[in-house]
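Colleague: I am attaching a structure below and will ask some questions about it afterwards.
The values are calculated or read from the model by the stated rules, or taken from the named source; none is laboratory data. Everything numeric here is computed off the predicted structure, so don't read it as measured data. When we count neighbours, we look across all protein chains shown, and the Cβ atoms used for this are built from the backbone with ideal geometry, even at glycine. Remember, those area values only see protein heavy atoms, side chains included, never the ligands or the DNA or RNA. Shrake-Rupley method; radii C 1.70, N 1.55, O 1.52, S 1.80 Å.
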Amino acid sequence: MTSFDDAQEAAKRNLWLHFTRMSAYENSEVPVIVRGSGAYVFDQHGKRYLDGLSGLFVSQVGHGRQEIAEAGARQAAELAYFPLWSYAHPKAIELAARLAELAPGPLNRVFFTTSGSEAVESAWKLAKQYFRLTGQPTRYKVLSRYIAYHGTSHGALAITGLPDIKIPFEPLPPGGVRVPNTNFYRAPAFVADDVTAFGVWAADEIERAILREGPQSVAAVYLEPVQNSGGCFPPPPGYFQRVREICDKYGVLMVSDEIICAFGRLGYIFGSERYGYTPDIITFAKGVTSGYSPLGGMMVSDRLMEPYQHDETTFLHGITFAGHPVSCAVAMANLDVFEKEDLLGNVRANEAAFRATLEKLHDLPIVGDVRGDGYFYGIELVRDKATRETFSADESERLLRGFLSHALFDAGLICRADDRGDPVIQLSPPLTCTQEHFDEIEQILRGVLTEAWSHI
């Protein structure tokens, strides 16, 4: 057995952590999570943490599900791997049929990937080739919202609306265009008192962007049901219905990026169901397997598949491990848990209590806004509640990275302290959570945020 010191030395010498300042561990230990059970995970010292972020918006059914692990093991013993290049295997067929049955409208075709970034990029490639096949080869541009995150591969990064994570890798593929997001807390003054008017304005900004760019050049609009980056922006009433009208008017594809919002995060299998719209493509990953094995993909409407069903036409795209047999078996077992335990019903029954528990934090001077839906919430932190003044870049650095991230972890809560927009704390607990977990989250946040305010 590797000793603790040996493991730490190896982690610092050999392991490159994602989105992490590696210098942060020069004089401190690397946290090592060694096991999980239900809504909790445990580190190398045996300390327990409430997984308030579901890993990374992934662990819908919680940790330690023996039945899901066993489903993967059985499949690995039977057929560990075979590609979906000119062949099929039973679990990919079964899962595709099940997802098609669950998807809204005519989204009946599943193209599997291994990750969310791959799904986002696959959808862009599909859109561009589809328009070439249908006599509109000048359509290639993609609209997405300001500070929205859509992935980190080069194509997905071009769609992502976070300037700071794009700059080191430019030039990126051309065609990414930004439109306003739906952060009503930061709405322009002329619509700041009317959420419906704000939604109309934000949706109409998409039409104005299409007209500025030229409709003949725009292929797709990418939107998350609830925008993740920036701190959980729900859609205003009627927003998605207006966007659907705009896309139909100009022949633009509507892509619902549901890497986070699908598979129960908002109380429905697909987030678009919650808000009553039918997109042309849904991208998914994360919760489809609850993280027990990597899998992603896109649900595609019959209309987009049609040109590929004739003659020699081929979607010139593929991924070695897409639709991996073990991952598909795990996804099937994961969906069985959803049905057996009615996890969608659990979210819908308890989401109001989750919101109400988090809204207790409004009495703290540092809490400006609590927003979200389902089991997906952001808490925006402010310097002044009355004016909604945010923190400076230096203050945000000291607050989030200098204090909050460490203090929340030390207090036993895994969540995200993020300043890719205004400073926020994000929460996305497993779908199995109930009031006892909400109370634990609120109590930890209350203690840590109270201390944080005393340092400002």
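Colleague: Ile167 fails exactly one of the following numbered conditions: (1) of a type in the set (A, V, I, L, M); (2) at pLDDT 95 or above; (3) over 28 Å from Ala262 (Cα atoms). What is the number of that condition?
Modeller: Single failed check for Ile167: (2).
Colleague: Considering only residues of the range 290-306 that are open to solvent by 20 Å² or more (accessible area, probe 1.4 Å) and outside any loop (DSSP other than H, G, I, E, B), which is nearest to Glu339 (Cα to Cα)?
Modeller: Asp302
Colleague: Considering only the range 69-89, I want to know if a residue exists there that is in contact (Cβ under 8 Å) with a residue 60 or more places away in the chain and within 23 Å of Ser428 (Cα to Cα).
Modeller: yes
Colleague: Okay, next question. Please enumerate the residues belonging to the range 105-116 that are under 22 Å from Thr278 (Cα atoms), at pLDDT 95 or above and open to solvent by 20 Å² or more (accessible area, probe 1.4 Å).
Modeller: Selection gives Pro106, Asn108, Arg109, Val110, Phe111.
Colleague: Cβ-Cβ under 7 Å, sequence separation 6+ or interchain: first residue in the range 334-346 and under 15 Å from Tyr375 (Cα atoms), partner among the aromatic types (Phe, Trp, Tyr) and open to solvent by 30 Å² or more (accessible area, probe 1.4 Å). Which pairs?
Modeller: Pairs that qualify, where the first residue is under 15 Å from Tyr375 (Cα atoms) and the partner is among the aromatic types (Phe, Trp, Tyr) and open to solvent by 30 Å² or more (accessible area, probe 1.4 Å), are Leu344/Tyr268.
Colleague: Looking only at residues that are crowded, with 24+ Cβ neighbours inside 10 Å and in a loop (DSSP other than H, G, I, E, B) in the range 278-289, which one is nearest to the chain's Cα centre (by Cα)?
Modeller: Only one residue fits best here, namely Ala285.
Colleague: Among Lys47, Lys91, which is closer than 20 Å to Phe284 by Cα and charged (D, E, K, R)?
Modeller: Answer to the check: Lys91.
Colleague: Okay, next question. Checking the structure you have, find out if any residue of the range 131-142 is surrounded by 18 or more Cβ atoms within 10 Å (Cβ to Cβ), touching a residue at least 60 places away in the same chain (Cβ under 8 Å) and closer than 30 Å to Thr20 by Cβ.
Modeller: Checked against the condition, which is being surrounded by 18 or more Cβ atoms within 10 Å (Cβ to Cβ), touching a residue at least 60 places away in the same chain (Cβ under 8 Å) and closer than 30 Å to Thr20 by Cβ, the range 131-142 yields at least one hit.
A quick yes/no check of all residues on (1) among the β-branched types (Val, Ile, Thr); (2) outside any strand (DSSP E or B); (3) out of contact with any helix residue (DSSP H, G or I) (no Cβ under 7 Å at 6 or more places or on another chain):
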position: Pro365; (1), (2), (3): no, yes, no
position: Glu380; (1), (2), (3): no, no, no
position: Thr387; (1), (2), (3): yes, yes, yes
position: Glu395; (1), (2), (3): no, yes, yes
position: Phe403; (1), (2), (3): no, yes, no
position: Ala407; (1), (2), (3): no, yes, no
position: Gln443; (1), (2), (3): no, yes, yes
position: Val448; (1), (2), (3): yes, yes, no
position: Ser454; (1), (2), (3): no, yes, yes
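Colleague: Moving on. Across the range 152-194, which residue is surrounded by the fewest Cβ atoms within 10 Å (Cβ to Cβ) among those that are small (Gly, Ala, Ser) and over 21 Å from Arg242 (Cα atoms)? Step through it out loud before you land on a result.
Modeller: If we filter the range 152-194 for residues that are small (Gly, Ala, Ser), which is where we start, we get 153, 155-156, 158, 161, 175-176, 187, 189, 192.
Now drop any that are not over 21 Å from Arg242 (Cα atoms), which leaves 153, 155-156, 158, 161, 175-176, 189.
Details: Ser153: 16, Gly155: 22, Ala156: 27, Ala158: 24, Gly161: 25, Gly175: 20, Gly176: 21, Ala189: 6.
Only one residue tops the list, namely Ala189.
Colleague: For the range 324-341, check the following and say yes or no: at least one residue is touching a helix residue (DSSP H, G or I) at 6+ places or on another chain (Cβ under 7 Å) and part of a loop (DSSP other than H, G, I, E, B).
Modeller: No, every residue in the range 324-341 fails to be touching a helix residue (DSSP H, G or I) at 6+ places or on another chain (Cβ under 7 Å) and part of a loop (DSSP other than H, G, I, E, B).
Colleague: Same structure again: Being β-branched (Val, Ile, Thr) and either surrounded by fewer than 23 Cβ atoms within 10 Å (Cβ to Cβ) or over 20 Å from Thr357 (Cα atoms) (or both) narrows it down to one of Ile379, Ile456, so name that one.
Modeller: None of the others qualify; the one that does is Ile456.
Colleague: Failed condition for Gly267, given (1) surrounded by fewer than 23 Cβ atoms within 10 Å (Cβ to Cβ); (2) touching a Leu at 6+ places or on another chain (Cβ under 7 Å); (3) on the phi < 0 side of the Ramachandran plot, with all others met?
Modeller: Against the list (1) surrounded by fewer than 23 Cβ atoms within 10 Å (Cβ to Cβ); (2) touching a Leu at 6+ places or on another chain (Cβ under 7 Å); (3) on the phi < 0 side of the Ramachandran plot, Gly267 comes up short only on (3).
Colleague: Could you list, ordered by first residue, the pairs with Cβ atoms under 6 Å in which the first is in the range 179-207 and more than 10 Å from Tyr239 (Cβ to Cβ) and the second is among the small types (Gly, Ala, Ser) and part of a helix (DSSP H, G or I), at least 6 apart or interchain?
Modeller: Val179/Ala209; Pro180/Ala202; Val191/Ala197
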